[in-house]
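S.K.: Quick one: this structure, given as structure tokens, is what I'll be asking you about.
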Amino acid sequence: MCGIVGYVGPQQAAPILMDSLCRLEYRGYDSAGIAVRDGDGHTTVVKAKGRLKVLSEKIDGGRTLKGCIGIGHTRWATHGEPNEANAHPHISGSEPDDSAVVGVHNGIIENYAELKEKLVKAGYIFYSQTDTEVAVKLVDYYYKKYPTPSKAIAKAMMRIRGSYALAILFNDHQNQIWTARKDSPMIIGVTKGETFIASDVPAILKYTQDIYYVGNCEMACVEAGKVSFFNIDEEQLEKETVHITWDANAAERGGFEHFMIKEIHEQPKALQDTLNSLLNDGRLDITKSGITPEIARGISEISIVACGSAWHVGMAAKYVIEDIARIPVRVDVASEFRYHCPILQENALVIVISQSGETADSLAALREAKSRGIRTLAILNVLGSSIAREADHVLYTLAGPEIAVATTKAYSAQMLIGYVLAVELAFERGVIDEEKYKYYIAQLQTLPDKAEGLLEDKERIQWFASKFSTAHDAFFIGRGIDYAVALEGSLKMKEVSYVHSEAYAAGELKHGTISLIEDGTLLVGILTQNSLYEKTVSNMVECKTRGAYLMAVATAGHYDIEDTADFTIYVPNIDEHFAGSLTVIPLQLFGYYSSVSRGLDVDKPRNLAKSVTVE
Ligand code: G6P
């Protein structure tokens, strides 16, 4: 959710903090702030409501703030509306100069009301509605009792319930930044004489690709060019860096107008790289995750858990895995799974899908499965993320850093791993023979080129999107895998273009929702499953009769669809199980261009955050 950065070194901190915050703005963008300590030991806090550029204008990109140590924050509000008072950093005092302890925070402190009451009784005066101010004042409270940063933070950690990543400046420790975390990410990069902290890799990728991960319930003391780690008992910990192979340029727009369209174009590469990583001598190989053929044969059922688009991947994977590998698959949104005590067989495999590896509900679902002794496999894009560190097995999508809030390339790469699992499990369990196995692999190998070809047709979609840019409602329908992709197409539409949109299993539409169809309502039908083609066409016709304007996304060859649909996009032929990876591309483009036509902020849609690290 919120983005945290920090810097200590020989350079001026503020411009570096602002630059790093820019790369994290996708984590939150309703207000921002920084705190910089100058050579005289005075810490200045500047905050602004709105996008980062408002803060940047206030401090001339950071140039008006002098000092070589500081922390910064971009906020996605949880407690307290987005305004300047609630923006971070927060201070221990009630007056701007009273800043013995200054901190920024990502997460939610669940018992903040109880802690606030305690602090009010102790004489603290609060100026904001945030749980963060409570955390900062709590650290200050303990610091006054036990005047070492590690003790004060450890004491606060013991009292706080909830999730947090904190970066804290203590006035008495002029050259240090302290960090602590529980269930919210925090990374540290050390180069010659400089140290960077951030809640996410892209923020500091430009400075270093060798990253330390602060572990759960751990603290770190950051100084220029060095870092020390401690557990909650204040014992020092030894840590190794993890090398991130992401190219620093991958986190730049590289000539594209928005990250979203850049990332849509990166899908052929994401598919190719991910597939290559799972191929060995022409055969699929998932053993590097630790899933051996024996384990594959022993799985009795699969339970997929995820949020948002990753959940849509799960919906598609269910159809593909059940059909190809004949293993029962259930799919749950993680926020439901974690609380409803699902019935799982002893030999079940729980698959958690997540781009960031930090989504709070997905992490909790993983822990729920593990606590019951169920084997877990995570499909992730971010190396070293919280879910990566806790899952029994991990398969990585090689999509590179994804910056746009609305996911595209990570979704496609996740889908590919779903296909690979289906084929590999089917083969290991003797459900398909060698010939079929090779056929599926050959089909998968055609995906990147076919995806590339689809991108060439984007002008038609752009034209159609501009024509529909004033639409109020859209409906996406399909059956089977097409339904799963309809869910994603509809989400892309609503999240970036704010057009009310719903996805329905085509056969279900007439059980209520069809009453919403009126003259000119846009209905998008997805038609890639041959045996279901005519049925979905009938459902489209039912809507057309009631005034709907029809867009079809169909497999090449079904040219008769033009007798029914007003606008058609064809996708290349491929084995039907894998068609979702192609149909989603025009739908992503449609969402993107609808947003652009409406003049919206495509990469940072209102109210959303890329990585949801709170419940
Ligand atoms: C947020 C994002 C979605 C994403 C979901 C799950 O809601 O806006 O695009 O699908 O989180 O994120 P994850 O990192 O777990 O895939």
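The values are calculated or read from the model by the stated rules, or taken from the named source; none is laboratory data. Since the structure is predicted, the reported quantities are computational estimates derived from the model, not experimental observations. We place every Cβ from the backbone using ideal geometry, glycine too, and count neighbours over all the protein chains shown. Each accessible area value is taken on the protein alone, full model and side chains, heavy atoms only, with ligands, DNA and RNA left out. Shrake-Rupley method; radii C 1.70, N 1.55, O 1.52, S 1.80 Å.
S.K.: Let me know the shape class of the chain, please: from the alpha-carbon gyration tensor, a ≥ b ≥ c as square roots of the eigenvalues, rounded when a/c is under 1.5, otherwise prolate if a/b is greater than b/c, or oblate.
M.R.: Working: a/c = 2.06, a/b = 1.63, b/c = 1.26.
Note, shape of the chain comes out prolate.
S.K.: Pulled fully out, how much extra length does the chain show between V120 and K436, if you take 0.36 nm times their separation in residues and subtract their Cα-Cα distance? List each step's numbers first, then the result.
M.R.: Details: separation 316, 0.36 × 316 = 113.76 nm, distance 6.92 nm.
Stretched out fully, the V120 to K436 stretch lengthens by 106.8 nm.
S.K.: Roughly speaking, what is the stretch gain from Q236 to A85, that is 0.36 nm per residue apart minus the C-alpha to C-alpha distance, in nm to one decimal? Walk me through the numbers on the way to the answer.
M.R.: Values: separation 151, 0.36 × 151 = 54.36 nm, distance 3.61 nm.
Using 0.36 nm per residue and subtracting the Cα-Cα distance, I get 50.8 nm.
S.K.: Quick check for me: using +1 on Lys/Arg Cβ and -1 on Asp/Glu Cβ, what's the dipole size of region 453-602 about its Cα centre, in debye to the nearest 20?
M.R.: Details: 11 positive and 20 negative charges, 54 e Å.
Here the size comes out at about 260 debye.
S.K.: Here's a follow-up. Could you put D40, D566, D200 in order of accessible surface area, largest first, with the 1.4 Å probe and the full protein assembly present?
M.R.: The ranking, largest first, comes out as D40, D566, D200.
S.K.: In whole Hz and in residue order, list the ³J(HN,Hα) couplings for region 239-256 that follow from phi through the Karplus curve 6.51 cos²θ - 1.76 cosθ + 1.60, θ = phi - 60°; x for Gly and Pro.
M.R.: 9, 9, 7, 10, 8, 8, 7, 4, 7, 4, 5, 5, 8, 10, 6, x, x, 7
S.K.: Tell me which of A248, I432, A548 sits at the most positive position along the dipole axis of the chain, charges placed on C-beta atoms (Lys, Arg +1; Asp, Glu -1).
M.R.: A248
S.K.: Which entries of K288/K370; K137/K494; K318/K436; K269/K544 show an alpha-carbon separation above 31 angstrom in the structure shown? Write down the numbers at each step before the final one.
M.R.: Details: K288/K370 20 Å; K137/K494 40 Å; K318/K436 20 Å; K269/K544 38 Å.
Those over the limit are K137/K494; K269/K544.
S.K.: If you don't mind, there's one more thing I want to ask. What is the distance in Å between the Cα centres of region 210-256 and region 463-504?
M.R.: Comparing the Cα centres of region 210-256 and region 463-504, I get a distance of 39 Å.
S.K.: Also, quick follow-up: Scan around L522 for amide H atoms under 5 Å from its own, H built in the peptide plane at 1.01 Å from N, and keep only partners 5 or more places away or cross-chain.
M.R.: So L522 has HN proximity to D473, F475, Y549.
S.K.: Computing the accessible area with a 1.4 Å probe over protein heavy atoms, can you report the carbon and sulfur percentage for the chain?
M.R.: Reported share for carbon and sulfur atoms: 48 percent.
S.K.: To continue, here is another question. How do C2, C307 rank by accessible surface area computed with a 1.4 Å probe, from largest to smallest?
M.R.: Per-residue accessible area, sorted high to low, gives C307, C2.
S.K.: My understanding is that a pair violates if its Cα-Cα distance is over 28 Å; which of K239/K409; K192/K610; K262/K610 do that in this structure?
M.R.: Details: K239/K409 32 Å; K192/K610 31 Å; K262/K610 16 Å.
Among K239/K409; K192/K610; K262/K610, the Cα-Cα distance tops 28 Å for K239/K409; K192/K610.
S.K.: Using a probe radius of 1.4 Å on heavy atoms only, what accessible surface per residue do you get for region 252-445? Whole Å² is fine. Working shown, then result.
M.R.: Numbers: 6770 Å² over 194 residues.
Here the residues of region 252-445 average 35 Å² of exposed surface.
S.K.: Taking a spot 7 Å from the Cα of Q129 along the direction of its beta carbon, which residues of region 598-615 have an amide N less than 17 Å from it?
M.R.: Under cut-off, by backbone N: 607.
S.K.: Using just the helices of the chain, give the 222 nm mean residue ellipticity in deg cm²/dmol: DSSP H runs with n ≥ 4 each add -39,500 (n - 2.57), and the total is spread over all residues, rounded to 500.
M.R.: Dividing the helical sum by the residues of the chain leaves -11000 deg cm²/dmol.
S.K.: Using a 7 Å offset from the Cα along the Cα-to-Cβ direction at both E322 and D98, what is the distance between the two label points in nm, to one decimal?
M.R.: 6.2
S.K.: Compute the separation of the alpha-carbon centres of region 331-366 and region 400-442 and state it in Å as a whole number.
M.R.: Using only Cα atoms, the two centres lie 20 Å from each other.
S.K.: Follow-up. Estimate the FRET efficiency between K192 and E518 by the formula 1/(1 + (r/R0)^6), using the beta-carbon distance for r and 45 Å for R0, to the nearest 0.05.
M.R.: Values: r = 65 Å, r/R0 = 1.45.
Efficiency at R0 = 45 Å is approximately 0.10.
S.K.: So what's the angle, to the nearest 10 degrees on a 0 to 90 scale, between helix 434-455 and the longest Cα principal axis of the chain?
M.R.: It is inclined by approximately 70 degrees.
S.K.: Give me the dipole magnitude in Debye, nearest 20, for region 3-244 about the Cα centre, with unit charges on the beta carbon: positive for Lys and Arg, negative for Asp and Glu.
M.R.: Working: 27 positive and 30 negative charges, 38 e Å.
For region 3-244, the charge dipole is close to 180 debye.
S.K.: In the full protein assembly as shown, how much of I232 is accessible to a 1.4 Å probe, in Å² to the nearest 10?
M.R.: Probe radius 1.4 Å; accessible area of I232 about 50 Å².
S.K.: Could you size up the charge dipole of the chain around its Cα centre, putting +1 on the beta carbon of Lys and Arg and -1 on that of Asp and Glu, and report it in debye to the nearest 20? Present the calculation step by step, with values, prior to reporting the outcome.
M.R.: Numbers: 61 positive and 80 negative charges, 263 e Å.
Roughly 1260 debye for the chain.
S.K.: Same structure again: What angle, in degrees between 0 and 90 and rounded to the nearest 10, separates the Cα long axis of helix 409-428 from the longest principal axis of the Cα atoms of the chain?
M.R.: Tilt relative to the chain: about 60 degrees.
S.K.: Do you know the relative contact order of region 252-445, to the nearest whole percent, from alpha carbon pairs under 8 angstrom that are 6+ apart?
M.R.: Working: 350 pairs, mean separation 56.6, N = 194.
RCO, region 252-445: 29 percent.
S.K.: Continuing with the same structure: By the gyration tensor of its Cα atoms, with a ≥ b ≥ c the square roots of the eigenvalues, what is the shape of region 252-445: rounded for a/c under 1.5, prolate for a/b over b/c, or oblate? Present the calculation step by step, with values, prior to reporting the outcome.
M.R.: Working: a/c = 1.88, a/b = 1.12, b/c = 1.67.
Oblate shape, in that a/c is at least 1.5 and b/c is the bigger or equal ratio.
S.K.: So for region 361-468, averaging the separation of alpha carbon pairs under 8 Å that are six or more residues apart and normalising by length, what relative contact order in percent results?
M.R.: Numbers: 67 pairs, mean separation 15.8, N = 108.
Here the relative contact order equals 15 percent.
S.K.: Starting from the 7 Å offset along Cα-to-Cβ, what nm value, one decimal, do you get for the label separation of R606 and Y498?
M.R.: If labels sit at R606 and Y498, their model points lie 0.3 nm apart.
S.K.: Right, something else. In percent, what relative contact order does the chain have, based on Cα pairs under 8 Å that are 6 or more apart in sequence?
M.R.: Values: 1425 pairs, mean separation 71.4, N = 615.
Relative CO of the chain lands at 12 percent.
S.K.: Same structure, new question: Give me the extension gain from S466 to V54: residue separation times 0.36 nm, minus the current Cα-Cα distance, reported in nm with one decimal. Could you put the intermediate results ahead of the total?
M.R.: On the way: separation 412, 0.36 × 412 = 148.32 nm, distance 3.01 nm.
Taking 0.36 nm per residue and subtracting the Cα distance, the gain is 145.3 nm.
S.K.: Write out the GluC sites (Glu not before Pro) in region 502-597 meeting two conditions: DSSP loop, and at most 12 other Cβ atoms within 10 Å of their Cβ.
M.R.: Working: sites: E502, E508, E518, E534, E542, E562, E576; in loops: E518.
Answer in residue order: E518.
S.K.: Give me the accessible area of M493, 1.4 Å probe, in Å² rounded to the nearest 10.
M.R.: Near enough 10 Å² of accessible area.
S.K.: From largest accessible area down, sort L383, L491, L119; use a 1.4 Å probe on the protein chains. Please report the intermediate quantities before stating the final value.
M.R.: Working: L383 60, L491 40, L119 0 Å².
Output order, biggest surface exposure first: L383, L491, L119.
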